[in-house]
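**Student:** Submitted below is the structure of interest, expressed as structure tokens.
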Amino acid sequence: MKIEIDLDDRRQLEKTRAELQRYLGIIEFALQEKTTNGNGNGHLELLQIPTIHTNIRNEDASIMAVIDSLPKRFSTTDVVIGMGDEGKEKRGAIKSLLKRGAENGIFQIATQGRGRRPTEWEKV
């Protein structure tokens, strides 16, 4: 894997950090599976890695980094606030990512939002 890093571009640095955290999560998952589900010959059984993590878009990487830093139960508003200045303009992308995550079994709705109350999500 080859990574080019522009140290002067803060936004690109944050995206790179999120992408590296995603890779680290996959590696940790694989290592954990190897110790618990290995078949004894050094090969792993087929791993089911959720598609939201394997097919993540660059735009979604920063959102996933924020979600990963939140507690197990969080609200849509928590993600928007965690995104800082970009949060408001990325509300649509955040809601879309959460919906795709629910479809892929990454998140589930803990409490459906209503009116001005945001939806509460839970990491599965």
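What follows draws every value from the coordinates through simple rules; no lab data is involved. Please read these numbers as outputs of a predicted model, since none were measured by experiment. Because the Cβ atoms are built from the backbone with ideal geometry, glycine has one as well, and the counts that use them run over all protein chains shown.
**Student:** Give me a count of the residues in segment 68-94 that are among the charged types (D, E, K, R), assigned to a helix (DSSP H, G or I) and under 13 Å from the mean Cα position of the chain (by Cα).
**Tutor:** Residues of segment 68-94 among the charged types (D, E, K, R): 68, 72-73, 78, 85-86, 88-91.
Now drop any that are not assigned to a helix (DSSP H, G or I), which leaves 68, 78, 85-86, 88-91.
Retained after the next criterion (residues that are under 13 Å from the mean Cα position of the chain (by Cα)): 68.
Count: 1.
**Student:** Pairs, please: C-beta under 9 Å, at least 6 apart or cross-chain, first residue at negative phi and in segment 76-93, second aromatic (Phe, Trp, Tyr)?
**Tutor:** Thr76/Trp121; Asp78/Trp121; Val79/Trp121; Gly82/Phe74
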